[in-house]
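Asks: Structure incoming, see below.
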C-alpha cells in the first residue's frame, strides 16, 4: 500500500481534457452507452506519475447522485483504489448536499458487488434484462452472462 502514497488526489476532469475511454470501457463495453451519460455528468480521475489510472463518473438526479461508471487500470486493481474512488464519490456527494448515492452493476460482477457492499451500499433493486436489452453483444463475466442490473444505494448522513 505504500505506493498509494505516491498517488495524486482525485480531481475533476476539465472540459478541454480527453475523456479516458480506455478506462471507461473496462466498466462499460459500449462507447454509445457511455456517450449517453457523459454530457450530463462529471468525470473524476486519479493520476499517478501524470497518467490517469482510475476514473469515475457522477450524474445527479434529484436528491440522488449516481456513479455511472467506475474503473481502475488492471495494473492497479486490488490495491484499494476502487475503495478510494467510492469514498471520494460519497464524500463529494455528501458535501454537495445529496442524501443518497447509488451505483448499478451486472448480476455477473461478483467482485464489484462485494466491494460496493463492503463500502456500505445495499441492494435496492434489480432491473431485469437491462444488459440484454441495452447492449448489442452479450456480456460475460466470471463465466456468467450479464443480464440484469443490480442497483445499490447508500444513504449519506
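Asks: How much length would be gained if the chain were fully extended between residue 145 and residue 51, taking 0.36 nm per residue of separation minus their Cα-Cα distance, in nm to one decimal? Intermediate results must be reported in sequence, preceding the final value.
Replies: Working: separation 94, 0.36 × 94 = 33.84 nm, distance 3.27 nm.
Full-extension gain reported as 30.6 nm.
Asks: Using a 10 Å cut-off around each Cβ, can you sort 42, 137, 153 from fewest to most neighbouring Cβ atoms?
Replies: Working: 42 16, 137 8, 153 19.
Lowest count first: 137, 42, 153.
Asks: I've got another one for you. Provide the three semi-axes, in whole Å and in decreasing order, of the ellipsoid equivalent to the range 31-84 as defined by the square roots of 5 times the Cα gyration tensor eigenvalues.
Replies: Details: eigenvalues 100, 33, 19 Å².
The equivalent ellipsoid of the range 31-84 has semi-axes of 22, 13, 10 Å.
Asks: Hey, how much of the P(r) for the range 56-128 falls beyond 16 Å, as a percent of Cα pairs? Provide the component values of the computation, followed by the final result.
Replies: On the way: 1274 of 2628 pairs.
So the portion of pairs separated by more than 16 Å is 48 percent.
Asks: For the range 62-157, give the share of DSSP beta bridges that are antiparallel, in percent and rounded to the nearest 5; count only bridges with both residues there. Walk me through the numbers before you get to the answer.
Replies: Details: 15 of 19 bridges.
So the antiparallel bridges amount to about 80 percent of the total.
Asks: For a protection proxy built on the mean count of beta-carbon atoms within 10 angstrom, sort 107-120, 65-78 highest first, please. Spell out each step's value before the answer.
Replies: Values: 107-120: 16.2, 65-78: 19.2.
For the peptides 107-120, 65-78, the packing ranking is 65-78, 107-120.
Asks: Let me ask another. Within the range 74-94, find all residues whose amide N lies under 13 Å from a label point positioned 7 Å from the Cα of residue 60 along Cα-to-beta-carbon.
Replies: 92-94
Asks: Would you mind computing, in nm to one decimal, how far apart the modelled labels at residue 11 and residue 94 are, each placed 7 Å from Cα along Cα→Cβ?
Replies: If labels sit at residue 11 and residue 94, their model points lie 2.5 nm apart.
Asks: How much length is gained if the chain between residue 132 and residue 111 is pulled fully straight, taking 0.36 nm per residue apart and subtracting their Cα-Cα distance, in nm to one decimal? Let's see the in-between values first.
Replies: Values: separation 21, 0.36 × 21 = 7.56 nm, distance 2.07 nm.
Full-extension gain reported as 5.5 nm.
Asks: Cα convex hull of the range 1-144: mean projected area in nm², to one decimal? Please list the in-between numbers first.
Replies: Values: hull surface 36.9 nm².
If you wrap the Cα atoms of the range 1-144 in a convex hull and average its projections, you get 9.2 nm².
Asks: So for 132, 105, fewest C-beta neighbours within 10 Å to most, what's the order?
Replies: Numbers: 132 13, 105 23.
Ranked by crowding around the Cβ, least crowded first: 132, 105.
Asks: Do the sum for the chain: with -39,500 (n - 2.57) for every DSSP H run of n ≥ 4, divided by all residues, what is the mean residue ellipticity at 222 nm, to the nearest 500 deg cm²/dmol? Could you put the intermediate results ahead of the total?
Replies: On the way: 5 runs with 43 residues, N = 157.
Roughly -7500 deg cm²/dmol at 222 nm, from the helical runs in the chain.
Asks: Here is a follow-up. Run the numbers on the range 2-155 and let me know its relative contact order in percent, using alpha-carbon pairs under 8 Å that are six or more apart. Don't skip to the answer; put the middle values down first.
Replies: Details: 249 pairs, mean separation 27.6, N = 154.
18 percent.
Quick note: the coordinates plus some simple rules give every number you see, no bench work behind them. Fair warning: this is a prediction, and the values are worked out from it, not measured in the lab. Please note: Cβ atoms are built from the backbone with ideal geometry, for glycine as well, and neighbour counts cover all protein chains shown.
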